[in-house]
1. About the Cα centre, and with charges only on the beta carbon of Lys, Arg (+1) and Asp, Glu (-1), how big is the dipole of the chain? Nearest 20 debye, please.
2. Just how far, in whole angstrom, is the stretch 232-258 from the stretch 63-119 if you go by their alpha carbon centroids?
3. Specify the residue with the greatest mean-square fluctuation among Ser188, Ser219, Ser260, computed from a Gaussian network of the chain linking alpha-carbon atoms under 10 Å apart.
4. To check you understand DSSP bridge types, tell me what percent of the beta bridges within the chain (both residues inside) are antiparallel, rounded to 5.
5. Using a 1.4 angstrom probe, figure out how much accessible area the chain has per residue, in square angstrom, rounded to the nearest whole.
6. For the stretch 163-227, which whole percent of the accessible surface, found with a 1.4 angstrom probe, sits on carbon and sulfur atoms?
7. Regarding the chain, what are the three Cα extents along the principal axes, ordered largest first, in Å?
8. Enumerate the calculated ³J(HN,Hα) couplings along the stretch 172-178 in order (Karplus 6.51 cos²θ - 1.76 cosθ + 1.60, θ = phi - 60°), each rounded to whole Hz, writing x wherever the residue is Gly or Pro.
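The values are calculated or read from the model by the stated rules, or taken from the named source; none is laboratory data. Computed from a predicted model, the values in this text were never measured in an experiment. Please note: Cβ atoms are built from the backbone with ideal geometry, for glycine as well, and neighbour counts cover all protein chains shown. Quick note on the areas: whole protein, heavy atoms, side chains included, nothing else; ligands and nucleic acids left out. Shrake-Rupley method; radii C 1.70, N 1.55, O 1.52, S 1.80 Å.
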Amino acid sequence: MKKILVIGSLNIDFSFDVEKIPEPGETVNATNLKVSNGGKGANQAYTIGKLGGKVSMLGMVGNDEYGKNIKNSLKKVNVNVKKIILNNKEQTGKAFINVSHDGENAITIMHGANYAMDKDFILKNQNEIKNADIILMQLEIPLKTIKEVIEIAKDKIIIIDPAPANRNLLKLDLSNIFLMKPNETELSVLTGKPIKDEKSIVNAARCLIKTGVKNVVVSLGDKGSYLIDENSYKFYPSIKSKAIDTTAAGDSFIASIALSLANDKTLDESVKFASKVASLVVTKKGAQDSIPSLKEVI
Ligand code: RIB
(Lines give C-alpha, C1' and ligand atoms only; values in the text may rest on other atoms or scores of the structure.)
Protein backbone atom coordinates (compact mmCIF):
# COMPACT_ATOMS: atom_id res chain seq x y z
CA MET A 1 0.00 0.00 0.00
CA LYS A 2 1.35 3.45 -0.93
CA LYS A 3 2.07 5.94 1.86
CA ILE A 4 -0.01 9.11 1.93
CA LEU A 5 1.10 12.41 3.46
CA VAL A 6 -1.59 15.01 4.11
CA ILE A 7 -0.20 18.53 4.38
CA GLY A 8 -2.80 20.96 5.59
CA SER A 9 -5.14 22.49 8.10
CA LEU A 10 -6.50 21.38 11.45
CA ASN A 11 -9.42 23.32 12.97
CA ILE A 12 -11.89 23.17 15.75
CA ASP A 13 -15.37 23.50 14.26
CA PHE A 14 -18.25 25.41 15.85
CA SER A 15 -21.27 24.18 13.89
CA PHE A 16 -24.60 25.96 14.31
CA ASP A 17 -27.87 24.34 13.19
CA VAL A 18 -29.80 27.16 11.51
CA GLU A 19 -33.11 27.32 9.67
CA LYS A 20 -31.36 29.07 6.81
CA ILE A 21 -27.86 30.38 6.09
CA PRO A 22 -27.93 34.13 6.94
CA GLU A 23 -27.84 36.70 4.11
CA PRO A 24 -25.57 39.76 4.51
CA GLY A 25 -27.05 41.94 7.25
CA GLU A 26 -29.36 39.19 8.51
CA THR A 27 -29.39 37.63 12.00
CA VAL A 28 -30.66 34.07 12.40
CA ASN A 29 -31.25 31.81 15.40
CA ALA A 30 -29.32 28.58 15.91
CA THR A 31 -31.13 25.62 17.47
CA ASN A 32 -27.91 23.78 18.38
CA LEU A 33 -24.14 24.26 18.62
CA LYS A 34 -21.79 21.33 18.06
CA VAL A 35 -18.08 21.74 18.81
CA SER A 36 -15.97 19.10 17.08
CA ASN A 37 -12.72 18.40 15.28
CA GLY A 38 -12.35 19.58 11.70
CA GLY A 39 -10.10 21.36 9.24
CA LYS A 40 -9.93 20.18 5.65
CA GLY A 41 -6.48 18.63 6.07
CA ALA A 42 -7.34 16.89 9.33
CA ASN A 43 -10.66 15.64 7.92
CA GLN A 44 -8.78 14.10 5.00
CA ALA A 45 -6.12 12.48 7.17
CA TYR A 46 -8.84 11.20 9.52
CA THR A 47 -10.77 9.65 6.62
CA ILE A 48 -7.72 7.84 5.28
CA GLY A 49 -6.74 6.62 8.76
CA LYS A 50 -10.22 5.43 9.64
CA LEU A 51 -10.58 3.61 6.32
CA GLY A 52 -7.32 1.74 6.91
CA GLY A 53 -4.74 3.71 4.92
CA LYS A 54 -1.09 4.41 5.73
CA VAL A 55 -1.20 8.11 6.47
CA SER A 56 0.87 10.81 8.13
CA MET A 57 0.01 14.44 8.57
CA LEU A 58 2.14 17.56 8.48
CA GLY A 59 0.40 20.46 10.19
CA MET A 60 0.25 22.95 13.04
CA VAL A 61 -2.16 23.56 15.89
CA GLY A 62 -1.99 25.89 18.87
CA ASN A 63 -0.49 24.58 22.10
CA ASP A 64 -4.01 24.54 23.60
CA GLU A 65 -6.67 21.99 24.54
CA TYR A 66 -8.32 22.12 21.10
CA GLY A 67 -5.03 21.43 19.33
CA LYS A 68 -4.09 18.56 21.62
CA ASN A 69 -7.56 16.99 21.21
CA ILE A 70 -7.43 17.12 17.42
CA LYS A 71 -3.99 15.51 17.43
CA ASN A 72 -5.12 12.75 19.82
CA SER A 73 -8.23 11.96 17.87
CA LEU A 74 -6.20 11.59 14.64
CA LYS A 75 -3.81 9.28 16.50
CA LYS A 76 -6.76 7.10 17.53
CA VAL A 77 -7.51 6.32 13.87
CA ASN A 78 -3.83 5.50 13.22
CA VAL A 79 -2.75 8.75 11.59
CA ASN A 80 0.96 9.33 12.20
CA VAL A 81 0.80 12.65 14.07
CA LYS A 82 4.50 13.04 14.93
CA LYS A 83 4.76 16.06 12.63
CA ILE A 84 1.68 17.88 13.86
CA ILE A 85 3.41 20.63 15.76
CA LEU A 86 1.98 22.47 18.78
CA ASN A 87 2.67 26.16 18.15
CA ASN A 88 3.18 28.32 21.25
CA LYS A 89 2.45 31.63 19.54
CA GLU A 90 -0.71 30.92 17.53
CA GLN A 91 -4.04 29.44 18.58
CA THR A 92 -5.60 26.40 16.92
CA GLY A 93 -7.48 27.27 13.70
CA LYS A 94 -11.23 27.76 14.08
CA ALA A 95 -14.17 27.30 11.76
CA PHE A 96 -17.62 28.79 12.30
CA ILE A 97 -20.10 26.74 10.31
CA ASN A 98 -23.77 27.46 9.67
CA VAL A 99 -25.55 24.24 8.73
CA SER A 100 -29.05 24.71 7.32
CA HIS A 101 -31.88 22.21 7.67
CA ASP A 102 -31.28 20.84 4.17
CA GLY A 103 -27.66 20.01 5.14
CA GLU A 104 -25.97 22.85 3.21
CA ASN A 105 -23.27 24.86 4.96
CA ALA A 106 -21.42 28.18 4.92
CA ILE A 107 -18.02 28.33 6.64
CA THR A 108 -15.90 31.16 8.07
CA ILE A 109 -12.30 30.29 8.94
CA MET A 110 -9.84 31.82 11.39
CA HIS A 111 -6.53 30.34 10.23
CA GLY A 112 -4.54 30.58 13.50
CA ALA A 113 -1.63 28.13 13.60
CA ASN A 114 -2.41 26.76 10.12
CA TYR A 115 -0.88 29.90 8.62
CA ALA A 116 2.31 29.48 10.65
CA MET A 117 3.17 26.59 8.32
CA ASP A 118 5.75 28.42 6.26
CA LYS A 119 8.55 27.55 3.84
CA ASP A 120 10.99 26.90 6.72
CA PHE A 121 8.57 24.42 8.29
CA ILE A 122 8.40 22.52 5.00
CA LEU A 123 12.16 22.59 4.50
CA LYS A 124 12.66 21.26 8.03
CA ASN A 125 10.24 18.41 7.33
CA GLN A 126 11.18 17.60 3.77
CA ASN A 127 12.08 14.04 4.70
CA GLU A 128 8.39 13.41 5.41
CA ILE A 129 7.65 14.49 1.85
CA LYS A 130 10.45 12.38 0.43
CA ASN A 131 9.21 9.30 2.34
CA ALA A 132 5.65 9.57 1.01
CA ASP A 133 4.23 8.27 -2.27
CA ILE A 134 1.11 10.44 -2.44
CA ILE A 135 0.86 14.05 -1.21
CA LEU A 136 -2.60 15.48 -0.51
CA MET A 137 -3.06 19.22 0.07
CA GLN A 138 -5.87 21.80 0.36
CA LEU A 139 -5.74 25.60 0.42
CA GLU A 140 -6.23 26.38 4.13
CA ILE A 141 -2.45 26.83 4.47
CA PRO A 142 -0.36 29.55 2.75
CA LEU A 143 0.03 29.23 -1.01
CA LYS A 144 3.80 29.79 -0.63
CA THR A 145 3.91 26.62 1.48
CA ILE A 146 2.11 24.67 -1.23
CA LYS A 147 4.56 26.04 -3.83
CA GLU A 148 7.48 24.79 -1.74
CA VAL A 149 5.94 21.32 -1.37
CA ILE A 150 5.31 21.06 -5.12
CA GLU A 151 9.00 21.86 -5.75
CA ILE A 152 10.23 19.22 -3.29
CA ALA A 153 7.69 16.56 -4.30
CA LYS A 154 8.60 16.38 -8.00
CA ASP A 155 8.54 12.57 -8.16
CA LYS A 156 5.35 12.14 -6.06
CA ILE A 157 1.69 11.74 -6.90
CA ILE A 158 0.38 15.17 -5.90
CA ILE A 159 -3.34 15.75 -5.30
CA ILE A 160 -4.73 19.22 -4.62
CA ASP A 161 -8.18 19.99 -3.25
CA PRO A 162 -8.41 23.70 -4.18
CA ALA A 163 -10.62 24.60 -1.23
CA PRO A 164 -11.18 27.37 -0.36
CA ALA A 165 -10.63 28.49 -3.96
CA ASN A 166 -7.76 30.89 -4.62
CA ARG A 167 -7.09 31.99 -8.18
CA ASN A 168 -3.41 32.55 -7.40
CA LEU A 169 -3.04 28.77 -7.27
CA LEU A 170 -2.90 28.88 -11.06
CA LYS A 171 0.25 31.04 -10.88
CA LEU A 172 2.16 28.05 -9.48
CA ASP A 173 3.84 25.42 -11.64
CA LEU A 174 1.10 22.77 -11.77
CA SER A 175 2.77 20.52 -14.34
CA ASN A 176 3.40 17.85 -11.70
CA ILE A 177 -0.12 17.79 -10.27
CA PHE A 178 -1.74 14.40 -10.85
CA LEU A 179 -5.22 15.36 -9.71
CA MET A 180 -7.18 18.44 -8.71
CA LYS A 181 -10.69 18.28 -7.22
CA PRO A 182 -12.65 21.52 -7.29
CA ASN A 183 -16.38 21.70 -6.64
CA GLU A 184 -18.48 23.77 -9.05
CA THR A 185 -17.94 27.03 -7.16
CA GLU A 186 -14.19 26.49 -6.83
CA LEU A 187 -13.93 25.57 -10.52
CA SER A 188 -15.68 28.82 -11.43
CA VAL A 189 -13.49 30.95 -9.11
CA LEU A 190 -10.28 29.30 -10.35
CA THR A 191 -11.06 29.63 -14.05
CA GLY A 192 -13.25 32.76 -14.02
CA LYS A 193 -15.83 30.82 -16.05
CA PRO A 194 -19.54 30.44 -15.23
CA ILE A 195 -20.53 26.82 -14.58
CA LYS A 196 -24.00 25.99 -15.95
CA ASP A 197 -23.99 22.61 -17.61
CA GLU A 198 -21.84 19.64 -18.63
CA LYS A 199 -20.17 21.52 -21.49
CA SER A 200 -19.13 24.43 -19.22
CA ILE A 201 -17.82 22.01 -16.56
CA VAL A 202 -15.70 20.09 -19.06
CA ASN A 203 -14.41 23.29 -20.70
CA ALA A 204 -13.49 24.89 -17.36
CA ALA A 205 -11.79 21.68 -16.18
CA ARG A 206 -9.79 21.64 -19.42
CA CYS A 207 -8.54 25.17 -18.54
CA LEU A 208 -7.00 23.59 -15.43
CA ILE A 209 -5.59 20.76 -17.55
CA LYS A 210 -3.93 23.37 -19.81
CA THR A 211 -1.93 24.54 -16.76
CA GLY A 212 -0.41 21.06 -16.50
CA VAL A 213 -2.82 19.29 -14.13
CA LYS A 214 -3.27 15.73 -15.43
CA ASN A 215 -6.76 14.89 -14.15
CA VAL A 216 -9.64 16.93 -12.74
CA VAL A 217 -12.50 15.60 -10.66
CA VAL A 218 -15.34 18.11 -10.31
CA SER A 219 -17.61 17.33 -7.36
CA LEU A 220 -21.21 18.47 -7.70
CA GLY A 221 -22.57 17.57 -4.26
CA ASP A 222 -25.71 15.45 -4.42
CA LYS A 223 -25.68 15.55 -8.23
CA GLY A 224 -22.49 13.48 -8.58
CA SER A 225 -19.08 14.18 -10.08
CA TYR A 226 -17.09 14.33 -13.31
CA LEU A 227 -13.67 12.83 -14.00
CA ILE A 228 -12.03 14.80 -16.80
CA ASP A 229 -8.67 14.51 -18.54
CA GLU A 230 -7.27 15.93 -21.76
CA ASN A 231 -9.12 13.52 -24.03
CA SER A 232 -12.13 12.16 -22.20
CA TYR A 233 -14.66 12.75 -19.46
CA LYS A 234 -17.10 10.64 -17.47
CA PHE A 235 -20.04 11.49 -15.20
CA TYR A 236 -20.58 9.58 -11.94
CA PRO A 237 -24.07 9.97 -10.44
CA SER A 238 -24.12 10.41 -6.67
CA ILE A 239 -25.28 7.62 -4.43
CA LYS A 240 -28.54 8.83 -2.90
CA SER A 241 -28.74 9.30 0.86
CA LYS A 242 -30.50 11.65 3.27
CA ALA A 243 -28.24 14.69 3.77
CA ILE A 244 -28.23 16.11 7.29
CA ASP A 245 -24.88 17.91 7.20
CA THR A 246 -22.60 18.11 4.14
CA THR A 247 -19.57 19.31 6.17
CA ALA A 248 -16.48 17.24 5.22
CA ALA A 249 -18.25 15.49 2.33
CA GLY A 250 -15.74 16.99 -0.12
CA ASP A 251 -12.83 16.23 2.23
CA SER A 252 -13.82 12.59 2.65
CA PHE A 253 -14.43 12.30 -1.11
CA ILE A 254 -10.93 13.40 -2.16
CA ALA A 255 -9.31 11.53 0.74
CA SER A 256 -11.05 8.33 -0.36
CA ILE A 257 -9.80 8.83 -3.90
CA ALA A 258 -6.25 9.20 -2.51
CA LEU A 259 -6.67 6.06 -0.40
CA SER A 260 -8.01 4.05 -3.30
CA LEU A 261 -5.11 5.20 -5.52
CA ALA A 262 -2.76 4.15 -2.71
CA ASN A 263 -4.29 0.69 -3.06
CA ASP A 264 -3.40 0.75 -6.77
CA LYS A 265 -6.99 1.19 -7.96
CA THR A 266 -7.74 3.14 -11.13
CA LEU A 267 -9.16 6.65 -11.01
CA ASP A 268 -12.49 5.26 -12.24
CA GLU A 269 -12.63 2.76 -9.35
CA SER A 270 -11.44 5.43 -6.93
CA VAL A 271 -14.18 7.94 -7.82
CA LYS A 272 -16.83 5.21 -7.37
CA PHE A 273 -15.44 4.27 -3.95
CA ALA A 274 -15.22 7.94 -2.90
CA SER A 275 -18.85 8.56 -3.94
CA LYS A 276 -19.93 5.80 -1.55
CA VAL A 277 -17.94 7.29 1.33
CA ALA A 278 -19.25 10.83 0.76
CA SER A 279 -22.86 9.57 0.55
CA LEU A 280 -22.47 8.21 4.10
CA VAL A 281 -20.66 11.26 5.49
CA VAL A 282 -23.59 13.59 4.73
CA THR A 283 -25.98 11.45 6.80
CA LYS A 284 -24.28 12.42 10.09
CA LYS A 285 -23.53 15.72 11.81
CA GLY A 286 -20.03 17.16 12.10
CA ALA A 287 -16.82 16.72 10.13
CA GLN A 288 -14.64 13.90 11.49
CA ASP A 289 -17.55 12.58 13.57
CA SER A 290 -19.34 11.69 10.33
CA ILE A 291 -16.57 9.61 8.70
CA PRO A 292 -17.65 5.96 8.29
CA SER A 293 -15.56 2.85 8.88
CA LEU A 294 -14.56 0.61 5.98
CA LYS A 295 -17.15 -1.95 7.12
CA GLU A 296 -19.92 0.63 6.69
CA VAL A 297 -18.71 1.52 3.19
CA ILE A 298 -18.28 -1.92 1.63
O1 RIB B 1 -14.50 21.05 4.67
C2 RIB B 1 -15.01 21.17 5.96
C3 RIB B 1 -14.03 21.83 6.86
O4 RIB B 1 -13.79 23.14 6.38
C5 RIB B 1 -14.48 22.01 8.28
O6 RIB B 1 -14.14 20.93 9.11
C7 RIB B 1 -13.83 23.32 8.68
O8 RIB B 1 -12.87 23.21 9.69
C9 RIB B 1 -13.23 23.90 7.41
O10 RIB B 1 -11.89 23.72 7.35
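1. 800 debye
2. Here the answer is 22 Å between Cα centres.
3. Highest fluctuation of the listed residues: Ser188.
4. 40 percent
5. Per residue, the chain has 45 Å² of solvent-accessible surface.
6. 51 percent
7. Reported extents, whole Å, longest axis first: 47, 44, 41.
8. After applying 6.51 cos²θ - 1.76 cosθ + 1.60, I find 7, 6, 9, 5, 10, 8, 6 Hz.
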